[in-house]
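Notes follow once the structure below has been shown.
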């Protein structure tokens with residue numbers, strides 16, 4: 001642990017992180033124990049499990065959660081490990097089951113985790129002692145967050161803030177239009193850092209800068225922003241920025257698209273029907289994040305979310321999900337290619353940058369450099385991260 005303490009002590013505010021932050025296995029293990037096994041993690045959306053028995057799993061390191069809807073519509077999360085000899089219960093990533101049945105010895109669990117049947121056990125065996133181990137779960141405006149911690153941090157502020165912003169989308173009634181998964185040769189922090197700054201946007205993201213005024217960092221957007229806020233508010237949309245302050249992991253903002261753009265699309269035109277309670281396509285962009293793994297952008301007609309999960313210190317999985325209104329019909333109300341092309345192009349540009357970054361950091365000659373003023377949000381991300389690890393160090 002002395003090596004980890006030395007790495008953390010070398011952090012310099014306003015500079016990029018040193019090489020070991022992205023390559024050191026002991027530091028990565030501390031991240032897993034301190035952040036990924038304790039913080040609230042975005043798992044998915046309630047609309048992904050609309051019916052009783054619908055489930056999906058989410059794996060983080062050596063932990064796997066089953067997220068399932070019960071008959072009373074409540075969402076539960078359980079460890080995907082049988083209480084008999086530990087077999088994984090849900091082998092498929094998604095599905096529907098009347099009960100959760102272990103494929104090894106056929107122990108059967110109810111959706112709420114209670115053990116229903118354990119065949120051929122002794123008479124003094126108490127089923128009530130061997131239910132699935134629960135995982136903390138919270139819903140914020142239709143987004144599902146879980147925590148593997150025994151006593152997780154209070155999540156009420158996030159629930160309230162996210163709930164206000166997500167209310168117009170009526171996510172319980174939305175549906176998944178498309179999913180995509182990428183395995184990147186990049187440390188999870190490089191992905192988070194990339195999505196916290198737009199210093200790179202002008203040179204790289206032509207499509208994104210065409211859609212978002214000011215994304216190239218050379219245009220003024222405050223006047224447009226100030227003019228649009230009261231209009232958005234009159235439509236029942238949340239406009240007050242939720243700042244990523246000390247002791248919080250989350251952030252939310254509404255910002256303007258370029259004049260003439262109604263959606264995140266290559267031509268600026270809508271790509272799907274309005275979601276939920278939206279009254280028109282003039283709602284700007286809703287941007288939200290929750291460290292360490294939730295990054296979301298949404299316009300009036302669709303929502304796009306990125307879920308980051310570390311594999312090891314060198315690799316990460318990125319899951320992308322596109323949501324549309326639950327009544328929208330593919331091929332009638334929207335075309336999948338048109339719906340997804342904007343963020344597939346922009347996302348893949350970013351993912352290539354992240355892999356390039358990891359490749360360069362592996363060099364023995366990499367040394368940290370000073371951050372630009374437009375990268376000030378990285379400083380906040382770094383401080384959040386450093387404080388988390390310092391608190392997790394053995395005393």
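How about the range 122-219: which helices (runs of 4 or more DSSP H) wholly inside it have at least 1 residues that are within 18 Å of residue 342 (Cβ to Cβ) and within 15 Å of the chain's Cα centre (by Cα)? If you could, list the steps in order and put the result at the bottom.
Working: elements: 156-166, 188-194, 201-204, 206-211.
By residue number, 188-194.
Could you tell me whether residue 141 is buried (at least 16 other Cβ atoms within 10 Å of the Cβ), within 30 Å of residue 327 (Cα to Cα) and either modelled with pLDDT of 95 or more or out of contact with any strand residue (DSSP E or B) (no Cβ under 9 Å at 6 or more places or on another chain) (or both)?
So residue 141 fits the description; yes.
Residue 59: part of a strand (DSSP E or B), surrounded by fewer than 18 Cβ atoms within 10 Å (Cβ to Cβ) and in contact (Cβ under 8 Å) with a residue 60 or more places away in the chain, yes or no? Explain how you work it out, then say what you get.
Values: part of a strand (DSSP E or B): yes; surrounded by fewer than 18 Cβ atoms within 10 Å (Cβ to Cβ): yes; in contact (Cβ under 8 Å) with a residue 60 or more places away in the chain: yes.
Spelling it out, residue 59 is indeed part of a strand (DSSP E or B), surrounded by fewer than 18 Cβ atoms within 10 Å (Cβ to Cβ) and in contact (Cβ under 8 Å) with a residue 60 or more places away in the chain.
Restricting to the range 206-215, and then to whatever is at pLDDT 95 or above and farther than 19 Å from residue 288 by Cβ, can you tell me which residue is surrounded by the fewest Cβ atoms within 10 Å (Cβ to Cβ)?
Out of the qualifying residues, it is 206.
Regarding the range 120-133, can at least one residue be identified that is loosely packed, with under 13 Cβ neighbours inside 10 Å and in contact (Cβ under 8 Å) with a residue 40 or more places away in the chain? Reasoning before the result, please.
Going residue by residue through the range 120-133, those that are loosely packed, with under 13 Cβ neighbours inside 10 Å are 120, 122-126, 128-129, 133.
Filter once more, keeping what is in contact (Cβ under 8 Å) with a residue 40 or more places away in the chain: 133.
For the range 120-133, residues loosely packed, with under 13 Cβ neighbours inside 10 Å and in contact (Cβ under 8 Å) with a residue 40 or more places away in the chain: present.
Look at residue 178 and say whether it is modelled with pLDDT of 95 or more and over 27 Å from residue 328 (Cα atoms).
Answer is no for this residue.
Of the conditions (1) at negative phi; (2) part of a loop (DSSP other than H, G, I, E, B), residue 73 satisfies every one except a single condition; which number is it?
Here residue 73 clears every test but (1).
Considering only the range 333-355, I want to know if a residue exists there that is part of a strand (DSSP E or B), at pLDDT 95 or above and in contact with a strand residue (DSSP E or B) (Cβ under 8 Å, 6 or more places away or on another chain).
Yes; the residues of the range 333-355 include at least one that is part of a strand (DSSP E or B), at pLDDT 95 or above and in contact with a strand residue (DSSP E or B) (Cβ under 8 Å, 6 or more places away or on another chain).
Give me a count of the residues in the range 275-301 that are assigned to a loop (DSSP other than H, G, I, E, B) and buried (at least 20 other Cβ atoms within 10 Å of the Cβ).
10
Condition first: in contact with a strand residue (DSSP E or B) (Cβ under 6 Å, 6 or more places away or on another chain), in a loop (DSSP other than H, G, I, E, B) and farther than 13 Å from residue 79 by Cα. Now tell me which residues in the range 93-112 satisfy that.
93, 99, 110
Go through the range 302-325 residue by residue and tally those that are buried (at least 22 other Cβ atoms within 10 Å of the Cβ) and out of contact with any helix residue (DSSP H, G or I) (no Cβ under 8 Å at 6 or more places or on another chain).
0
Right, residue 8: in contact with a helix residue (DSSP H, G or I) (Cβ under 8 Å, 6 or more places away or on another chain), in a helix (DSSP H, G or I) and touching a residue at least 12 places away in the same chain (Cβ under 8 Å) or not? Quick ask: steps written out before the conclusion?
Details: in contact with a helix residue (DSSP H, G or I) (Cβ under 8 Å, 6 or more places away or on another chain): yes; in a helix (DSSP H, G or I): yes; touching a residue at least 12 places away in the same chain (Cβ under 8 Å): yes.
Spelling it out, residue 8 is indeed in contact with a helix residue (DSSP H, G or I) (Cβ under 8 Å, 6 or more places away or on another chain), in a helix (DSSP H, G or I) and touching a residue at least 12 places away in the same chain (Cβ under 8 Å).
Could we say that residue 34 is within 15 Å of residue 389 (Cβ to Cβ), at pLDDT below 95 and not in a loop (DSSP other than H, G, I, E, B) here?
no
So which residues in the range 358-390 are surrounded by fewer than 18 Cβ atoms within 10 Å (Cβ to Cβ), part of a helix (DSSP H, G or I) and in contact with a helix residue (DSSP H, G or I) (Cβ under 7 Å, 6 or more places away or on another chain)?
386, 390
Among the residues of the range 214-268, count how many are within 30 Å of residue 389 (Cα to Cα) and touching a strand residue (DSSP E or B) at 6+ places or on another chain (Cβ under 8 Å).
Summing the residues that are within 30 Å of residue 389 (Cα to Cα) and touching a strand residue (DSSP E or B) at 6+ places or on another chain (Cβ under 8 Å) in the range 214-268 gives 9.
Enumerate the pairs (first residue in the range 159-188 and at positive phi; second residue anywhere and buried (at least 18 other Cβ atoms within 10 Å of the Cβ) and not in a strand (DSSP E or B)) with beta-carbon separation below 9 Å, excluding pairs fewer than 6 apart on the same chain, so at least 6 apart or on different chains.
170/142; 170/275; 170/276
Taking the range 256-274 as the region of interest, how many residues are closer than 22 Å to residue 196 by Cα, in contact with a helix residue (DSSP H, G or I) (Cβ under 7 Å, 6 or more places away or on another chain) and surrounded by 20 or more Cβ atoms within 10 Å (Cβ to Cβ)? Walk me through it before giving the result.
Within the range 256-274, the subset closer than 22 Å to residue 196 by Cα is 256-258, 263-265.
Still in the running and in contact with a helix residue (DSSP H, G or I) (Cβ under 7 Å, 6 or more places away or on another chain): 256-258, 264-265.
Now restrict to residues that are surrounded by 20 or more Cβ atoms within 10 Å (Cβ to Cβ): 256-257, 264-265.
The number of residues fulfilling the criteria is 4.
The values are calculated or read from the model by the stated rules, or taken from the named source; none is laboratory data. Predicted, not measured: the structure shown is a model, and the values here were computed from it. Counting neighbours? That spans all protein chains shown, and the Cβs are built from the backbone with ideal geometry, glycine included.
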